Amino acid sequence: MGSKKPRVLIVGAGMAGLAAARRLHACAGDLLDLVVLEAGERIGGRILTSEFAGAQVEIGATWIHGIDGNPMYDLVKKAGALRSRDELGSKSTLPSWERMDGFPTDPLTLAEGGLTVDPILLRRISALFSHLKQLIASGEIESDVPSVGAFLRREFQNCRDDFAGEWIEEAAFAMHECGERTYTAVDDLDSLDLAAEKEYLEFPGSTSPCPGGTPGFPSSWRKRFRQERCGSGAGSR
């Protein structure tokens, strides 16, 4: 009589749970009784495509940062998430709100009351923000503040005299902070450890959106496991 297989339970079918299941399945095959337990009605965790005003909007993961040598890019490509709406044909999803044609060379930025923001001012703020990010990434700064948010805010305040201290500069810098929160997927830049940022490296190459919708990626992994109901959640085995 054969020995009973060890049973491995992975809690959560977000990307961490699915990646763990995929790795165990690839390494152990049928040697393990592998179960992925998901309490929700879908898989993918924060990866979610929704609909807004008749268009496709990514709620969680949106871009692949750097496609050269990036294994994530290859995996998403195999899942079909990089196919455009035209390529999908009859299986087309909703039109995406993500730009697929680059960025405008002469963007227009408006503030409250329809005020047009001076593009020269915006370029100065953008250059300052990019410079501060490069300093953080270099790991060569010595700072007594613990977080990325605190460092950015302090350095900006030190430069306020150069910008005449007007509210529009404050708003422009805050706009970049909001963009950085989106880019790093955090609610508060104060939650990012300043010293640890130097350990973060990006793959080279362009940034790629997923016009086919990001949920297609975790769904392609789910097909490897048969489905069952497990307890109060949906389990994948």
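Read-outs: derived from the displayed coordinates by stated rules, not from any lab. All values derive from a computational prediction rather than experimental measurement. Every residue, glycine among them, receives a Cβ derived from its backbone with ideal geometry; neighbour counts consider all protein chains shown.
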> For the peptides 187-199, 140-152, 13-25, what is the packing order when you average, over each peptide's residues, the other Cβ atoms within 10 Å and list the highest mean first?
Replying inline: 13-25, 140-152, 187-199
> In nm, to one decimal, how far is the R23 label point from the E142 one, both placed 7 Å along Cα→Cβ?
Replying inline: 3.8 nm
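Calculate, in nm to one decimal, what D68 and T182 gain on full extension: separation in residues at 0.36 nm each, minus their alpha carbon distance. Write down the numbers at each step before the final one.
Numbers: separation 114, 0.36 × 114 = 41.04 nm, distance 2.22 nm.
Taking D68 through T182 to full extension adds about 38.8 nm, to one decimal.
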>> How far apart, in nanometres, would the label points at A55 and L135 be if each is projected 7 angstrom from Cα along the Cα-to-Cβ direction?
In response: 3.6 nm
> Taking amide hydrogens as modeled 1.01 Å from N in the peptide plane, which residues meet the under 5 Å criterion relative to S147, leaving out close sequence neighbours?
Replying inline: L194
> What shape does region 112-199 take by its C-alpha gyration tensor, where a ≥ b ≥ c are the square roots of the eigenvalues and a/c under 1.5 counts as rounded, a/b above b/c as prolate, and the rest as oblate?
Replying inline: prolate
> Taking θ as phi - 60°, what are the ³J(HN,Hα) couplings along region 20-28 by the Karplus curve (6.51, -1.76, 1.60), each to the nearest whole Hz, with x for Gly and Pro?
Replying inline: 5, 5, 5, 5, 5, 5, 5, 7, 9
> Residue separation times 0.36 nm, minus the C-alpha to C-alpha distance between A39 and N158: what's the value?
Replying inline: 38.0 nm
>> At R0 = 41 Å, how high is the FRET efficiency between I120 and L48 if r is their beta carbon distance? Nearest 0.05 is fine.
In response: 0.60
> Relative contact order of region 112-199: what whole-number percent is it, with Cα pairs under 8 angstrom and at least 6 residues apart?
Replying inline: 45 percent
